[in-house]
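Throughout, read-outs are computed from the coordinates displayed, never taken from laboratory work. As the structure is a prediction and not an experimental result, all values here were calculated from the model. All Cβ positions, even for glycine, are placed from backbone atoms using ideal geometry, and neighbour counts span all protein chains on display.
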Amino acid sequence: MKLKNRLLFNYVSIFLITTLIAVSAYFLFSLTSVNLEKTLVKNKYTAHSLMNDDISDIAYSDVTSNNGGIQVIDSNYKIIFSEGINTFPKSQLTVSEWTDFLTRSQDIRRQYSFSVAYNEREQFWLVVTFPTSIRIDFNITHNRFYNSADSTSVIAVITIIISIYVLLLIISTLLYSRMSASVFTKPLAALQKSANQLRKGDYSARSDLGLNNEIGDLENAFNEMADQIQQEINLRRKSENSRKQLTLDIAHDLKNPLAIIMGYAEYCLNNPDKINEKHIQSIYQNSYRADTLIKNLFELSKLDSPEYRLNTIKTDLSEYLRSKMADYISMLDSADFSYEFDIPEFEIHVDMDHQAMDRVIGNLMENTLRYNEMGTKLSLTLKKVDDHAEITLMDDGIGISSDLCEDIFNPFVRADRSRNSESGGSGLGLSIVEKIIKMHNGTISLVSEIDKGCRFIIGLPLSK
């Protein structure tokens, strides 16, 4: 059932329930009125029940003790006896004043309740007065002897009144239900429209109702959900594009060495007497390139596996780097590189996996040696910054474009001048480096410009 129809049904139900309550209240008030009247003091001590021919024998003590009053008026309208409350302004009344009293004594708005009786034998009136405490008059009177000529008019008037009442109630119920429904249906319709756009693939769909209520909370939840879906879709698309690009890069990087291997192998098979060292060397070099690529792919896949765990131990990073750099001095000298190491004498402890960190240092040093020319200067600096250790590996070589500094850690991203498959690199070394550093809860970044060298900055959390 639609919301507007549900609200209409609820309002009609409330109307019926309210009508039933009103009818029940009428009978309850009628029953209460009858029972209450029997218990009121004014009905226990009436003029008729107290009437006596001898005025001196009238028992008025219970009346006065209940804050009431009693007066006796003779045939000349003179008050000849009075005890308790006396509402008459004077002791001698005129005929009009007495008549006016009798008329006003039945007024439902009076502040006093009067009971009047006439003694025909002694010719006097007895008036019993009580202050009005509560008055309930809720009755419908029907007389079977009423004038038949009035019946049509009375029934018509009652029918018209009831019809108008019901009609106005129905109209107000319909209007109120529609007005109430619009408060919900309009914003919900807007939300539904946005949801339909989202369902059809428009992930930019958002709702802007500007409401500060529960529907506004629902709108905020919808927009947050849409944001999350859009982010996940964008990530999925990016991941899918990366996967496709990775497949193309793998195929491309394997195609060249395999083609060379197959070409030279076929030549050697067809010309066994012409095989020389150049052919064997080319087959070996390209086999090595293909093998390196496959190993790096396996390493990258292993690092992405949820089952892979680092074997970290508390390590003095200062001593570790001194030892590693000592291993590379001969290689730097052979490449005619100058070098400078700034490693503090005090201990800086980090939790790290030695084998994984060896791979990080090895890949970075290999890249520096492979892609830079003779005479390049390399420097390594270690320092403690707040709650982490910072390693800076810097060279003044050919560098790369600053636009590639963030993407360079993605698989198979190469710079035209500094990274290419023909130079022997797999295009996966820096991706492996970044994954290892992140698995250590660390960070790595690159600052570089063409012809201004590269500066890799690694941050590792200190041991606790």
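Some notes on this structure:
- Secondary-structure-derived ellipticity at 222 nm for the chain, considering helices only, amounts to -18500 deg cm²/dmol, per-run term -39500 (n - 2.57) for DSSP H runs with n ≥ 4.
- Net charge, L211 excluded, C-beta distance under 13 Å - Lys, Arg +1, Asp, Glu -1: -3
- For the chain, alpha-carbon Rg and Dmax in angstrom: 53.3, 167
- Against the main long axis of the alpha-carbon atoms of the chain, helix 277-304 sits at an angle near 20°.
- For L430, L50, the sequence from fewest to most other C-beta atoms within 10 Å is L50, L430.
- Long pairs among K244/K438; K302/K377; K383/K438; K244/K302; K238/K302, criterion Cα-Cα beyond 30 Å: K302/K377
- All lysines inside 24 Å of K193 as judged from Cα atoms, apart from same-chain residues fewer than 8 positions distant: K2, K4
- Relative contact order of the chain, pairs being alpha-carbon contacts under 8 Å that are 6 or more residues apart, as %: 10 percent
- As a rough footprinting exposure proxy, the listed residues E373, E120 were ranked by other beta carbons within 10 Å of their own, and the order from fewest upward is E120, E373.
- With the convex hull of its Cα atoms as the shape, region 214-302 has an orientation-averaged projected area of 7.7 nm².
- Formal net charge of residues neighbouring R455 (Cβ-Cβ distance under 12 Å; K, R +1; D, E -1): -3
- Net charge over other residues, Cβ less than 13 angstrom from the Cβ of M365 (K, R count +1; D, E count -1): -1
- Candidates S207, I233, Q281 compared by Cα position along the dipole of region 193-296: farthest toward the positive end lies Q281, with charges placed on Cβ.
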